[in-house]
1. (1) surrounded by 18 or more Cβ atoms within 10 Å (Cβ to Cβ); (2) within 26 Å of residue 5 (Cα to Cα); (3) at pLDDT below 95; (4) not small (Gly, Ala, Ser): which one isn't true of residue 36, the others all being true?
2. Is there any pair with a first residue in the range 125-145 that is in contact (Cβ under 8 Å) with a residue 60 or more places away in the chain and on the phi > 0 side of the Ramachandran plot and a second that is of a type outside the set (Lys, Arg) and surrounded by 18 or more Cβ atoms within 10 Å (Cβ to Cβ) whose Cβ atoms are under 9 Å apart and which are 6 or more apart or on different chains, and what are they?
3. For residue 131, all conditions in the list (1) closer than 21 Å to residue 41 by Cβ; (2) at pLDDT below 95; (3) exposed (fewer than 12 other Cβ atoms within 10 Å of the Cβ) hold save one; what is the number of the exception?
4. Give me a count of the residues in the range 81-126 that are of a type in the set (Asp, Glu), within 24 Å of residue 145 (Cβ to Cβ) and part of a loop (DSSP other than H, G, I, E, B).
5. In the range 93-152, which residues are over 15 Å from the mean Cα position of the chain (by Cα), closer than 21 Å to residue 76 by Cα and of a type in the set (S, T, N, Q)?
Amino acid sequence: MEWEEVVKDPNLKDLPFKIETNEWGKITMAPASDTHGIYQTRIIGWFVRHGEEDRVSSECPIQTSKGVRVADVAWRSRAFLKKHGIRNLKLPESPEVVVEIESPSNSAAELEEKRFLYFEKGAKEFWLCNEDGSMRFFNPQGELGRSELFGEFPERIEIDSV
């Protein structure tokens with residue numbers, strides 16, 4: 001199934017799952033949790049507070065060599081936005097920063113594959129928010145102590161405070 005068909009299919013519109021496609025065009029789904037959504041919102045909120053509201057998004061579909069993968073959060077430079085615009089069903093390249101939020105349904109191998117696929121499509125950094133809110137940062141060469149692009153980004157996302 002092509003991504004355009006997935007996006008336009010009314011039967012898939014209101015599913016409570018994140019939908020992606022694999023390399024054979026088959027739909028894959030992962031259940032979402034409230035905690036996942038809170039981490040996603042906090043990460044996007046950080047970008048908004050730091051003046052990046054026009055360059056950050058959630059649920060960013062990226063065409064990879066193994067189907068469409070949907071990054072939980074993505075940040076794009078102005079050059080990226082100028083090249084690709086903002087009205088895409090899927091992006092042919094990866095934004096510079098992609099963030100995945102770990103869920104109980106994710107395997108380590110799945111997250112490792114996503115990291116590889118995003119770097120293959122041009123990502124500069126891959127961030128992983130673990131289930132406890134701790135952050136890990138990667139560039140194509142390996143793991144970083146902090147983000148090289150956003151060094152002030154916290155090492156842990158707190159969600160227990162109201």
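The values are calculated or read from the model by the stated rules, or taken from the named source; none is laboratory data. Just so you know, these numbers come straight off a predicted model, no measurement behind them. Don't worry about glycine lacking a Cβ; one is built from the backbone with ideal geometry, like all the others, and counts go over all protein chains shown.
1. So the condition that residue 36 fails would be (2).
2. 133/39; 133/157
3. Just one mismatch for residue 131, condition (3).
4. Summing the residues that are of a type in the set (Asp, Glu), within 24 Å of residue 145 (Cβ to Cβ) and part of a loop (DSSP other than H, G, I, E, B) in the range 81-126 gives 2.
5. 141, 147 - these are the residues of the range 93-152 that are over 15 Å from the mean Cα position of the chain (by Cα), closer than 21 Å to residue 76 by Cα and of a type in the set (S, T, N, Q).
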